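The values are calculated or read from the model by the stated rules, or taken from the named source; none is laboratory data. Only a predicted model underlies this, so the values are computations on that prediction, with no experimental measurement involved. FYI the Cβ positions are ideal-geometry reconstructions off the backbone, even for glycines, and counts take in every protein chain you see. Note: areas computed on protein heavy atoms with side chains; ligands, DNA, RNA excluded. Shrake-Rupley method; radii C 1.70, N 1.55, O 1.52, S 1.80 Å.
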Amino acid sequence: MDKIYKLKGQSQHYVWGGKNYIPTLLNIPNHTNQCYAEWWLGTHNSAPSIIESEQGELLLNEFIVQNPTALGQKKLANTLPYLLKILDVEKPLSIQLHPTKQQAETGFIRENAKGIPLTDSKRTYKDNNHKPEMMIALSDFWLLHGFNHKEKIIATLKKRPSLTALAEQLTHQNLDQFYAHIMQAEQAQLFSWLHPIIIENKTSYQHNQLSLNNPDYWVLYTIEAMEVPLDKLDAGLICFYLFNIVQLKKGEGIYQDAGIPHAYLRGQNIELMSCSDNVIRGGLTPKHVDIAELLKIIDCHEINPKIIPPAPKTQSVFTYVTPARDFALTNIRYKSNQKLTLETTYAEILLIMEGEVKIYQNNTTLTLKKGEAAFICADTDYQIHGITSGYAVIAKQPE
Ligand SMILES: [Zn+2]
């Protein structure tokens, strides 16, 4: 089925989202001053995209049920295996990690057997899929990613008088034991660790004198941004001293494998992941934290963050390299009057990030501006003509 259609995504108005970035990208008004946290393109049941088909507007998942050949001859499943998102992180997100495929399958069956409804706040496994994810920064982007090296954690803790006892403790423990201890700490204990740090750094924080590589900065920033009361401190705040604080420049990316703890702190990005909503939380959240499940799934290995380099400016078509099997992200650059010929093996979603293009496929012509998207069926040859220069991203399956 060689066809190409316009596709409309859906937004998620989570409270951590900014109010301008996504409305500006999509060229839509935000009269009611809502938070636009995420823009989703895909078939996920929580917010399926809408396709402009020959039969009128249809949900993309319904369209695929009616037109299974849209996914291609070699397809491995009956749905689109990936989900493409734009995120605008104004306030920090919870620390989270994602299960392996096998953990998700077991966990989903277990929670179903217990009769926990899918909408229950204590439900961890919303589906039976894993959720590796990659992201490309659209601005300077800050995040937590995996455990730092034990020696570095000890050195960081030692520098803070209220945390020196923790540093001493870590010399006798492995990271798993140490992390379990932190995550189960009582409120009074959290207060005795964190309150002296908050007092000591308050003035320099307010005068913007703390480096963004300094975990103290992120402790104070998170307490302010998330309005954390000092009598309800979150064990996740200690994780700023344990995890890698990573800065991505615009265009750089990172991949989150199963079990790696991570938290998006600030910035905008493009995210591409397996189609799943399985999130195990590890703090920085007022939501339910399932400590037992968290400790079972978390990967406490020391991690050297691997930054994915930006797409080279000289290449019109460039696919980022990641270990993902369900998805790949391609960057397409065009200048005005430039013509690019492309073909699909599986179904793809194309999103214009900058500029404007015309897309030609058999008798169909689509004009797409910044923020507009298309669904391209499998086994389709098509041409992109640049009208004004810019770039697009294409979500697809690896060949
Ligand atoms: Zn994640």
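Using per-residue counts of other Cβ atoms within 10 Å, averaged over each peptide, order 42-53, 201-212, 81-92 from highest down. Numbers along the way, then the final one.
Details: 42-53: 19.8, 201-212: 12.5, 81-92: 23.8.
Highest-to-lowest ranking by the protection proxy: 81-92, 42-53, 201-212.
Using helices alone, I'd like the mean residue ellipticity at 222 nm for the chain: each DSSP H run of four-plus residues gives -39500 (n - 2.57), total over residue count, nearest 500. Mind showing how you got there, number by number?
Values: 9 runs with 90 residues, N = 399.
Only helices count here, giving -6500 deg cm²/dmol.
Accessible area of the chain with a 1.4 Å probe: how many percent of it is carbon plus sulfur? It would help to have the intermediate numbers written out before the result.
Working: 8930 of 17970 Å².
Ligands and nucleic acids excluded, carbon and sulfur give 50 percent.
For the stretch 239-365, what is the accessible area per residue in Å² when the probe is 1.4 Å?
Details: 5360 Å² over 127 residues.
Accessible area per residue, the stretch 239-365: 42 Å².
Starting from the Cα of HIS13, step 7 Å along the direction of its Cβ; do the same at SER121; then give the gap between the two resulting points in nm.
2.0 nm
Relative contact order for the chain: what is it in percent, counting Cα pairs under 8 Å that are at least 6 residues apart?
Working: 919 pairs, mean separation 93.2, N = 399.
Averaging sequence separation for qualifying contacts and normalising by length gives 23 percent for the chain.
Taking the Cα centre of the stretch 225-366 as the origin and placing charges on Cβ (Lys, Arg +1; Asp, Glu -1), which of PHE243, THR364, MET226 is farthest toward the positive end of the dipole?
THR364
Among the listed pairs LYS19/LYS358; LYS131/LYS369; LYS202/LYS287; LYS85/LYS250; LYS150/LYS249; LYS249/LYS306, give every one whose C-alpha distance is greater than 20 Å.
Values: LYS19/LYS358 30 Å; LYS131/LYS369 30 Å; LYS202/LYS287 27 Å; LYS85/LYS250 16 Å; LYS150/LYS249 26 Å; LYS249/LYS306 13 Å.
The pairs that break the limit, which is 20 Å between Cα atoms, are LYS19/LYS358; LYS131/LYS369; LYS202/LYS287; LYS150/LYS249.
Computed FRET efficiency, Cβ-Cβ of ASN363 and ALA188, R0 56 Å: what is it to the nearest 0.05?
Efficiency computed from Cβ-Cβ geometry: 0.20.
Tell me which aspartates and glutamates have Cα within less than 15 Å of LYS232's Cα, excluding those fewer than 8 residues away on the same chain?
Candidates past the 8-residue exclusion: GLU186, GLU224.
I need the peptides 309-315, 291-297, 349-355, 270-276 ranked by packing, meaning the mean over residues of other C-beta atoms within 10 angstrom, with the highest value on top.
In decreasing order of mean packing, 309-315, 291-297, 349-355, 270-276 become 270-276, 349-355, 291-297, 309-315.
In whole Å, what is the distance between the alpha-carbon centres of the stretch 83-113 and the stretch 228-279?
Cα centroid of the stretch 83-113 versus Cα centroid of the stretch 228-279: 12 Å apart.
Which residues in the stretch 92-115 have a backbone N closer than 20 Å to a point placed 7 Å from the Cα of GLU227 along the Cα-to-Cβ line?
Within reach of a label on GLU227: 92-95.
Along the positive direction of the dipole of the chain (beta-carbon charges: Lys, Arg +1; Asp, Glu -1; about the Cα centre), which of LEU340, TYR320, ILE95 reaches farthest?
LEU340
Magnitude of the Cβ-charge dipole of the chain, K/R +1 and D/E -1, about the Cα centre, nearest 20 debye?
On the way: 38 positive and 41 negative charges, 105 e Å.
With only Lys, Arg, Asp and Glu charged at Cβ, the dipole is about 500 debye.
Taking the Cα atoms only, what angle lies between the long axis of helix 187-206 and the longest principal axis of the chain, rounded to 10 degrees?
In the chain, helix 187-206 runs at an angle near 70 degrees to the longest axis.
Which whole-angstrom value gives the distance between the alpha carbon centres of the stretch 172-195 and the stretch 329-399?
For the stretch 172-195 versus the stretch 329-399, the Cα centre distance is 50 Å.
Could you point to the residue in ILE291, ILE352, PRO309 farthest towards the positive end of the chain's charge dipole, with +1 and -1 charges on the Cβ of Lys/Arg and Asp/Glu respectively?
So the residue furthest toward the plus end is PRO309.
Got the relative contact order for the stretch 334-396 handy, in percent, Cα pairs under 8 Å and 6 or more residues apart? Present the calculation step by step, with values, prior to reporting the outcome.
Working: 164 pairs, mean separation 32.4, N = 63.
Rounded, it is 51 percent for the stretch 334-396.
Run the simple label-point estimate for HIS301 and ALA77 please: 7 Å along Cα→C-beta, distance reported in nm.
2.4 nm
Give me a comma-separated list of calculated 3J(HN,Hα) values for the stretch 387-397, in order, Karplus coefficients 6.51, -1.76, 1.60 applied at θ = phi - 60°, integers in Hz, x for any Gly or Pro.
9, 10, 5, x, 8, 10, 10, 10, 8, 7, 9
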